[in-house]
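Remarks on the structure that follows.
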Amino acid sequence: MYDFVVIKYSEIGTKGKNRKIFESKLMNNIVLQLDHKVNAKKIYGRIIVLPKDDEKINKNMLNSLKKVFGIKSISPAIEVEKNYEDIKSKIIKLIREKGINTGTFKVEARRTDKSFPIRSFDLNKNLGADILEEFPNLSVDVHNPDYLIRVEIRHEISFVYFENIECFAGYPVGSGGKASIMLSGGIDSPVAAWMMMKRGMKLNAISFYSPPSNDEKTIMKLIELSKKLSEFYPFKFYHYIIPFTKVQLVIKDLNVESYSLILQRRSMLRIASKLAKHTNSQALITGENLGQVASQTLENMIAISEATNMLILRPLLGFEKLEIVNKSQEIGTYDISIWPYKDSCVAFLPKNPATKSYSDKLKKYEERINNLEGLENEALNRGLVYVIKNGKVIESYIFSDKEVIE
């Protein structure tokens, strides 16, 4: 039915001299997201997505395009010749194919090619009259129509379309640097990852698990979250899952239970920082939300942050929990996040965690642990690595089989 898809964007259009860079990244991401089954062509203020060979514009293709960050809306369109009769006949044909028999409509023409002899106002009026003659059960409503029929007459190409499917907008992934998301099995961190991808960041994920307290179902849950996130990510998504039990046990042996969770998080941060630098990440991302749990008081976040010199991004810091839940439902991670499989922190959760801790005191506790850095490096090198693309695991291996951090 349709010849191509018209892509509109918003923030990219404000980029001035850098606009071409963002447009190129967006076109590249579109081709990657659709597995090279399409070509992307730029016309001023728009991108046209054309199926290759025998590919067709279908629901699956549109759903994939909706998940490409940088796109504000998509519209399946039909190419028209620059003459009135062809425009009219293809609009009438499209109305018939869509089974539109009753309701209201409006024609909205845009003529950027001024060599086309009919002005936009007259094109709206004439097409409206012809549609009414062909479909007497339809009526015109210029304020709130059931169907908005758009016509664009451009120098490069001309087309008509009815639908304007809203997408997530933002910036194309890869235009905003690279970071590592500390991905737990909860509701918050997948949303934090999604939000930073929307701002153009490339990501990998770092998670921790505690065998035997955590079993394969915990790993499965983490991987399923990454699969869902990868649907919005045009590149290969790397997920590192680190066994953390040995570090947790030596922290437990310190007998400072109220501070054990903070010490665990500092250790996680040091491991994540080493891995992030190894993968050329410029920052770490967490799903922390101010005051939500004991470890997320301002004092504790400061004490935890001082374990690394890397920039830590906390996109959910000021959100209410319901806002985060709503967003997780919207992006499809919520139903996975509520699976009843414990994450690493829950496995060694103290009964009464401290709500205020200070870095100097925590460092003294850490100094009491023999070879803590060695244990952290051992955990990292024993980590599992999953490579995910378009919702599927395409490769998995143990970190030390390919790379080692000392």
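The values are calculated or read from the model by the stated rules, or taken from the named source; none is laboratory data. The structure presented is a predicted model; accordingly, all values stated were derived computationally and were not measured. As a convention, Cβ positions derive from the backbone with ideal geometry for all residues, glycine included, and neighbour counts pool all protein chains shown.
Tabulated results
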read-out: Criterion violated by ILE206 - all others in (1) out of contact with any Gly (no Cβ under 7 Å at 6 or more places or on another chain); (2) more than 22 Å from ILE7 (Cα to Cα); (3) surrounded by fewer than 19 Cβ atoms within 10 Å (Cβ to Cβ); (4) β-branched (Val, Ile, Thr) satisfied; value: (3)
read-out: Subset of the range 30-77 [surrounded by fewer than 19 Cβ atoms within 10 Å (Cβ to Cβ) and of a type in the set (A, V, I, L, M)]; value: VAL31, LEU32, ILE43, LEU50, LEU62
read-out: Which numbered condition ASN164 misses (of (1) over 30 Å from ARG314 (Cβ atoms); (2) among the polar types (S, T, N, Q); (3) crowded, with 19+ Cβ neighbours inside 10 Å); value: (3)
read-out: Residue pairs meeting the criteria (Cβ under 9 Å; at least 6 apart or on separate chains; first touching a residue at least 12 places away in the same chain (Cβ under 8 Å) and closer than 19 Å to LYS59 by Cβ, in the range 145-165; second in a loop (DSSP other than H, G, I, E, B) and among the acidic types (Asp, Glu)); value: none
read-out: Any hit, the range 299-310, residues being outside the structural domain of LYS67 (by TED's automatic domain parsing), under 22 Å from the mean Cα position of the chain (by Cα) and of a type in the set (A, V, I, L, M); value: no
read-out: Check on ILE388, surrounded by 17 or more Cβ atoms within 10 Å (Cβ to Cβ) and not basic (Lys, Arg); value: yes
read-out: Qualifying residue in the range 186-200 (condition: among the polar types (S, T, N, Q), surrounded by 22 or more Cβ atoms within 10 Å (Cβ to Cβ) and closer than 24 Å to ASN326 by Cα); value: yes
read-out: Residue satisfying all of: in the range 296-325; loosely packed, with under 15 Cβ neighbours inside 10 Å and of a type in the set (A, V, I, L, M); nearest to MET197 (Cα to Cα) among these; value: LEU311
read-out: Residue ranges of helices (runs of 4 or more DSSP H) in the range 296-406 with at least 1 members at pLDDT 90 or above and touching a Lys or Arg at 6+ places or on another chain (Cβ under 6 Å); value: 298-305, 372-381
read-out: Qualifying residues in the range 259-295 (those that are basic (Lys, Arg) and over 25 Å from ILE324 (Cα atoms)) - the one surrounded by the most Cβ atoms within 10 Å (Cβ to Cβ); value: ARG270
read-out: Count of the range 95-149 residues which are on the phi > 0 side of the Ramachandran plot and surrounded by 12 or more Cβ atoms within 10 Å (Cβ to Cβ); value: 1
read-out: Enumeration of residues in the range 161-219 that are part of a strand (DSSP E or B), aromatic (Phe, Trp, Tyr) and not assigned by TED's automatic domain parsing to the domain that holds PRO145; value: TYR171, PHE208, TYR209
read-out: Scope the range 61-85; condition in contact with a Ser or Thr (Cβ under 8 Å, 6 or more places away or on another chain) and of a type in the set (D, E, K, R); matching residues; value: LYS72, GLU79, GLU81, LYS82
read-out: Qualifying position, being more than 25 Å from the chain's Cα centre (by Cα), closer than 29 Å to PHE399 by Cα and touching a residue at least 60 places away in the same chain (Cβ under 8 Å), among GLU367, GLU378; value: GLU378
read-out: Residue in the range 236-251 that is more than 20 Å from the chain's Cα centre (by Cα), modelled with pLDDT of 95 or more and under 17 Å from ASP188 (Cβ atoms) present; value: no
read-out: All positions within the range 20-39 that are farther than 15 Å from PHE69 by Cβ, of a type outside the set (S, T, N, Q) and outside any helix (DSSP H, G or I); value: ASP35, HIS36, LYS37, VAL38
read-out: Residue count, the range 1-19 (criterion: among the β-branched types (Val, Ile, Thr), buried (at least 21 other Cβ atoms within 10 Å of the Cβ) and not in a strand (DSSP E or B)); value: 1
